[in-house]
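K.L.:
Before we start, here is the structure in question, set down as structure tokens.
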Amino acid sequence: MNPTQLAALLETHGTETAARAHATLLAGGTGIVWDGTTAPEQLARIYRRRLRLTRRTGQETTALEHTVDRLAAHHLPVRLGQVTSADGTWTYLLFLSQDARTLLACTGVRRRGVGTRPDPRRAGQPPVPSCWISSACSPVTR
């Protein structure tokens, strides 16, 4: 999946979280859609636990409860993707149909401690390039 296809998929989903992920891509974020699929009931179980954890710890998320509900109601294999902001503060998890033509759900999580101060290990190094992995796992830079 190329950057234009992923951006179009996010743009047409119609949710606030997908719109945020779309804006993140346009602002220099990175995105990836992985090959392979996972059973939706397994993902629902995992993200239900994460929902409880984020509520308990107060970690900021967006649309996580809706995502868990969508995964629990879905009965076909799910493909995973991710969009990460250029500064690493937000990560959006994408749950797609197995052919990656439909975005089933999108949730975001603010990563704690990221982007709040420079990483001394990266001092003097060029920024990490935005890159994409297509369905054939070949890198495509934008």
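K.L.:
Roll a 1.4 angstrom probe over the protein heavy atoms and tell me the percent of accessible area of the stretch 1-120 that is carbon or sulfur. Intermediate results must be reported in sequence, preceding the final value.
P.N.:
Working: 3290 of 6530 Å².
Carbon with sulfur: 50 percent of the solvent-accessible area.
K.L.:
Follow-up. Given just the C-alpha atoms of the stretch 76-115, how large is their convex hull per residue in cubic angstrom?
P.N.:
Details: hull volume 2.2 nm³, N = 40.
For the stretch 76-115, the hull spanned by Cα atoms encloses 55 Å³ per residue.
K.L.:
Right, next: Could you go through the stretch 97-103 in sequence order and give the Karplus-derived ³J(HN,Hα) for each residue, using 6.51 cos²θ - 1.76 cosθ + 1.60 with θ = phi - 60°, rounded to whole Hz, and x for Gly and Pro?
P.N.:
Coupling constants for the stretch 97-103: 4, 4, 8, 6, 9, 10, 8 Hz.
K.L.:
Same structure, new question: Given a 1.4 Å probe and the protein chains all in place, what does the accessible area of Asp87 round to, in Å² to the nearest 10?
P.N.:
Per-residue accessible area (Asp87): approximately 90 Å².
K.L.:
Quick one: give the max-minus-min coordinate of the C-alpha atoms of the stretch 1-94 along each principal axis, largest first, in Å.
P.N.:
So the extents along the principal axes, rounded to whole Å, are 32, 31, 22.
K.L.:
Please compute the length gained on full extension between Arg45 and Asp69, using 0.36 nm multiplied by the number of residues separating them and subtracting their Cα-Cα distance.
P.N.:
On the way: separation 24, 0.36 × 24 = 8.64 nm, distance 1.04 nm.
In short, 7.6 nm is gained.
K.L.:
Let me have the relative contact order for the stretch 11-106, percent, based on Cα pairs under 8 Å that are six or more residues apart.
P.N.:
This gives 33 percent for the stretch 11-106.
K.L.:
Might you tell me the accessible area per residue for the stretch 64-116, computed with a 1.4 Å probe and given in Å²? Show your work: numbers first, answer last.
P.N.:
Details: 2490 Å² over 53 residues.
Dividing the accessible area of the stretch 64-116 by its residue count gives 47 Å².
The values are calculated or read from the model by the stated rules, or taken from the named source; none is laboratory data. Quick caveat, the model's predicted, so the values are computed rather than measured. What goes into the accessible areas is simple: the full protein's heavy atoms, side chains included, and nothing from ligands, DNA or RNA. Shrake-Rupley method; radii C 1.70, N 1.55, O 1.52, S 1.80 Å.
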